[in-house]
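Values in this text are rule-based calculations from the coordinates and carry no lab data. Bear in mind that the values here come from a model prediction, so they are computed numbers and not experimental data. All Cβ positions, even for glycine, are placed from backbone atoms using ideal geometry, and neighbour counts span all protein chains on display.
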Amino acid sequence: MTNPDQQNNLRSQLFQQRDDVINQLLEKTPGLWRASGQKAEQVAARPQSSAACSAYTRHGDLFADLPDSTIAGQNSTAAQSSGYPALDALLPHGGWPERGLVELICPHKGIGELQLLLPLLRERSHSQQSILWIAPPYPLHGKALHEAGINTRNSFVIPSQTSCNQALWSIEKALQSLECGLVLAWQNWLSARVIRRLQLAANEGGTLGILFHQRPAANSPATLQLQLSSPVSRINDVQTNRERCIDVMLKKARGSYRQGKITLKLPC
């Protein structure tokens, strides 16, 4: 029977192994990092590192058979301002959670979902931790991100051509890693069972994950679930004055019954 010290040592070893795997993925997979001057097509065409691929293969299909489990521990009540006072007033605790999963349900891409996250991206990009972009549906514009005040030096990109299973593996490992401060991931749909596992990983690593979906999962255990849409154009509406807006509906928040819908004006 192991004593508490042995258990702590074993836990530390497991954390180190996880950090080693994600660091190996970030450093040795050629298609993972894309500087602002490189084209997405050039990155996607490169072969993957055999070391990173072998590490992935050893773990097998991580999401083939997920055990049912409850979310361990309590979600952090600490929050970071979204940069939009109306959104802070809508969200529990007054902003984005410091850790956990946030689901952004976007039936259509390019409606302003990234503009909504610009203040968060600016804040997290200037920390010592990395930002991981997993399977974005469009090439990231390094110059535009830089002009928006985002430090792209600590941003890493996994291209959209990555298989779903490997993308999920990358999401989980990044959320568990202390090296990642923010994980942005695009998947058309994930089951509540998979989201539960990713929520556990985010709580374990103290990391914030943003999942972009086209449709929500029933009974999702995510920290927050928001529905995004473009407001209907009306005469004298701000949309007609060339100011871009987005509707944000709070559908679900763990530990809160709060719901509501607001319209935000986005930066151009």
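In order along region 87-103, the phi-based Karplus estimate (6.51 cos²θ - 1.76 cosθ + 1.60, θ = phi - 60°) of 3J(HN,Hα) comes to 6, 4, 5, 7, 6, x, 6, x, x, 5, x, 5, 8, x, 10, 10, 8 Hz; Gly and Pro are listed as x.
Placing unit charges on the Cβ atoms only, positive for Lys and Arg and negative for Asp and Glu, gives region 79-227 a dipole magnitude near 280 debye about its Cα centre. Fully extending the segment from His126 to Asn219 would add 30.0 nm, taking 0.36 nm per residue of separation and subtracting the current Cα-Cα distance.
Annotation: amide H of Ser155 within the under-5 Å range of Ile131, sequence separation 5 or more or interchain, hydrogens built in the peptide plane. Entry note: region 79-227 has Rg to Rh equal to 0.92, where both radii use alpha-carbon atoms and Rh is the Kirkwood radius.
Residues Thr162, Thr207 in ascending order of nearby Cβ atoms (within 10 Å, fewest first): Thr162, Thr207.
On the basis of the beta-carbon distance and an R0 of 45 Å, Ala86 and Ser163 show a calculated FRET efficiency of 0.70.
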